[in-house]
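Okay, so here's the structure we're looking at.
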Amino acid sequence: MQKSKLLINELLVEVFNHILSIEEETLRKRGIKLSMNEIHILEAIENEVEPTMSNLARKLRVTMGTLTTNINRLVEKKYVLRYQEESDRRKVLVKLDASAYPILKEHSKFHNEMIDSLFLDMNLDEDEVLIKSLENISNYFKNKY
């Protein structure tokens, strides 16, 4: 059993690291000069129903200070706009500037290409056990953390 645990840990870490490095390299070649962290913050803003700083920090699992530093950088680079809600000045919201959308489009394109490639190369549509296992792993991490 211990051997299985070590192997699963190694595989998860390896897959995660490979995806991040390939993603970053691919997007750099496509002319995107943001870090993966910055791109994932843009993605979180795009997907958040109410993109307040506190909601984003919770979603990204970072401290408010870390998020503030990153948002400041994205505001400076003109990818994000920050504003206060009129009805409650304590609420700080962010929204994407128009310049963020082409980056998010390329990021999404990368993910689509990666998944399409997996389906072609590995016949994943025929492997329900693998897909169910990945769903279980994903649900475990969502519920645990």
Residues (among the aliphatic types (A, V, I, L, M) and over 20 Å from TYR79 (Cβ atoms)) located in the range 21-48
ILE22
Every listed condition ((1) modelled with pLDDT under 90; (2) closer than 23 Å to LEU67 by Cβ) holds for LEU124 save (2)
Of those in the range 66-91 that are within 11 Å of MET53 (Cα to Cα) and in contact with a Lys or Arg (Cβ under 9 Å, 6 or more places away or on another chain), the residue surrounded by the most Cβ atoms within 10 Å (Cβ to Cβ) is ILE71
Selection from the range 92-113 of residues that are among the aliphatic types (A, V, I, L, M) and surrounded by 12 or more Cβ atoms within 10 Å (Cβ to Cβ)
VAL92, LEU93, VAL94, LEU96, ALA100, ILE103, LEU104
Here is a check on your reading of the model: is SER87 of a type in the set (Gly, Ala, Ser) and either within 30 Å of LYS144 (Cα to Cα) or in contact (Cβ under 8 Å) with a residue 12 or more places away in the chain (or both)?
no
Between LYS95, LYS109, LYS144, which is among the charged types (D, E, K, R) and more than 30 Å from LYS77 (Cβ to Cβ)?
LYS144
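The values are calculated or read from the model by the stated rules, or taken from the named source; none is laboratory data. Source: prediction; values computed, not measured. Positions of Cβ are generated from backbone atoms using ideal geometry, with glycine treated the same way; all protein chains shown enter the neighbour counts.
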